[in-house]
Amino acid sequence: MFVVNKKQKFAGLIWMFALLSVAFASAAPAAQPAPRSNGLAQTPPVGWSSWNNFGDDINEQIVIETIDAMIANGMRDAGYVFVNLDDGWQRYKGARRDHPLEFDPKKFPRGISYLADYAHQRGMKLGIYSGPGQTTCAGYTGSEGHEAEDARMFANWGVDHLKYDSCCSHREAPKEELQKIFRTMSNALMTQKHGIVLHACHCGWGDIWEWAAGLGVNHWRIGQDISDDFNYPGNREQYYFDVLDQLDRGVGLEKYAGPGHWNDYDMLIVGLDGQSKQLVGTGASNIEYRTHFSLWAMVSSPMLVGADVRKLDQYSLETLTNKEIVALNQDPAGNIAHKVRDDGDLEVFARELADGSHAVLLLNRGAATATMTFSPRADLQAPMDRYSIRDLWKHRDLGTYDIPFTTEVQSHEARVFRIRQLATSANGRSVSDAAEQELAR
Ligand code: GLA
């Protein structure tokens, strides 16, 4: 009789298990990481970050005054709720193996949790900064080897956002290596009770847009650091990207972004006026800053103001607090604007919004004022026989149209419109004609 003893039974089970695993593995789809979501950043983060103006010269007083100013000047109510500390909050410069990661008690005498509470009590959120190396880009202690411990510390402080910055290193590293870096921190954050938005700051190396969302990253930089320029010839210092460089870098990447995971075109330069302590660049004109802002809204980039908000001039403040433009950025559908027409210096960008209307941006990159025409049929492939147009910078309804819309666009200006298809009623009057007459009464 064939007797199976316990040992043989056990070996048989192991074999069965091994065979089943092989069968399952070969049936499973190839190495693409399963999408992960921390449920955060369903619309792009909007707020302020300390880096573009202050560099690492930051402290508690600046952060508190910034929060107070954002409340007083209307920015918070226009949607700017994130207040993010960038590099320079840490106590020590040098490698993590030689120093712990602590806040600098001279700069932040009441600690980071005091600032998080201060922000939360006012309906705002606090962000912090670290990196996967021994040191951060400005030479402070990084998180390498201490990811779980640091994630716990940030969560205990009540921090809501982490910029995790590889300093554009590992440019040629295999994707698996890069993924490991960001997966480690993402996993560490996801085990915390307090949700923390994760920004992978990585200059777009390793086609990060293809895999970051799958790791639970909420936004990722698509290019190198922005400079305070609208269109500097080439790259300043052969490295920095100006506004149009960032814009061009994003063409083709639209499909990777959506609710919870966004292409990040870098922080805003509106209001820096060439005066930043940190950024290179000679500044841009009011019109150019407004164009930059409109473009970041259209592509749903995170919008983190880099200027000193305690000292914003009226024009910059009006630019930043245009709620109709911010609403495009925050539109819940999260459709990213595509370039729908490219006539050399004249370009048209458009996106469909959650309510079925469309946002349209006419950009003139040229040196002279130009006449531009927009046709829903040709540019949106939408058969709109009648449509209404609203100018989102003039805050004015321009009327109803059944032909292409033609207007002037100044050099480096972006005109932004919201267009809405109109149903035609039985008596031939468009529904909106009727609505406009209602309004006029
Ligand atoms: C890198 C980033 C910047 C900023 C600095 C801080 O250069 O790209 O946005 O965070 O590091 O050192």
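Computed values, structure above
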{"quantity": "Under 24 Å from the Cα of residue 193 - lysines, other chains or at least 8 residues apart", "calculated": "125, 163, 180"}
{"quantity": "Between the stretch 377-401 and the stretch 162-176, the Cα center-to-center distance that results, in Å", "calculated": "43 Å"}
{"quantity": "Coordinate range along principal axes, alpha carbons of the stretch 28-118, Å, largest first", "calculated": "54, 43, 24"}
{"quantity": "Calculated SAXS-style log₁₀ I(q)/I(0) at q = 0.19, 0.24, 0.27 Å⁻¹ - the stretch 324-380, Debye, Cα scatterers", "calculated": "-0.70, -0.97, -1.10"}
{"quantity": "Cysteines, the chain, no other Cys beta-carbon under 4.7 Å", "calculated": "201"}
{"quantity": "All aspartates and glutamates inside 12 Å of residue 323 as judged from Cα atoms, apart from same-chain residues fewer than 8 positions distant", "calculated": "77, 331"}
{"quantity": "Radius of gyration, Dmax [the stretch 338-421; alpha carbons; angstrom]", "calculated": "12.0, 36"}
{"quantity": "Protein accessible area in the chain, 1.4 Å probe - carbon and sulfur %", "calculated": "52 percent"}
{"quantity": "DSSP bridge pairs, the stretch 234-390: antiparallel proportion in percent, nearest 5", "calculated": "95 percent"}
{"quantity": "Estimated dipole of the stretch 338-421 in Debye, rounded to 20 [Cβ of Lys and Arg +1, of Asp and Glu -1, Cα centre]", "calculated": "200 debye"}
{"quantity": "Whole-percent pair-distance distribution, where bins are 10 Å wide, for the alpha carbons of the chain", "calculated": "4, 20, 28, 22, 13, 7, 3, 2, 1, 0, 0"}
{"quantity": "Calculated FRET value between residue 313 and residue 396, using beta carbons and R₀ = 22 Å, to 0.05", "calculated": "0.40"}
{"quantity": "Computed E for residue 61/residue 149 - FRET, C-beta separation, R0 25 angstrom, nearest 0.05", "calculated": "0.30"}
{"quantity": "Mean accessible surface per residue for the chain, computed with a 1.4 Å probe while every protein chain stays in place, in Å²", "calculated": "45 Å²"}
{"quantity": "Between helix 431-440 and the chain: long-axis angle, C-alpha atoms, 0 to 90°, nearest 10", "calculated": "70 degrees"}
{"quantity": "DSSP beta bridge pairing in the chain, given as percent antiparallel to the nearest 5", "calculated": "60 percent"}
{"quantity": "Over the chain: helical MRE at 222 nm, DSSP H runs n ≥ 4 each giving -39500 (n - 2.57), nearest 500", "calculated": "-8500 deg cm²/dmol"}
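The values are calculated or read from the model by the stated rules, or taken from the named source; none is laboratory data. Since the structure is predicted, the reported quantities are computational estimates derived from the model, not experimental observations. Please note: Cβ atoms are built from the backbone with ideal geometry, for glycine as well, and neighbour counts cover all protein chains shown. Accessible surface areas use protein heavy atoms only, side chains included; no ligands, DNA or RNA. Shrake-Rupley method; radii C 1.70, N 1.55, O 1.52, S 1.80 Å.
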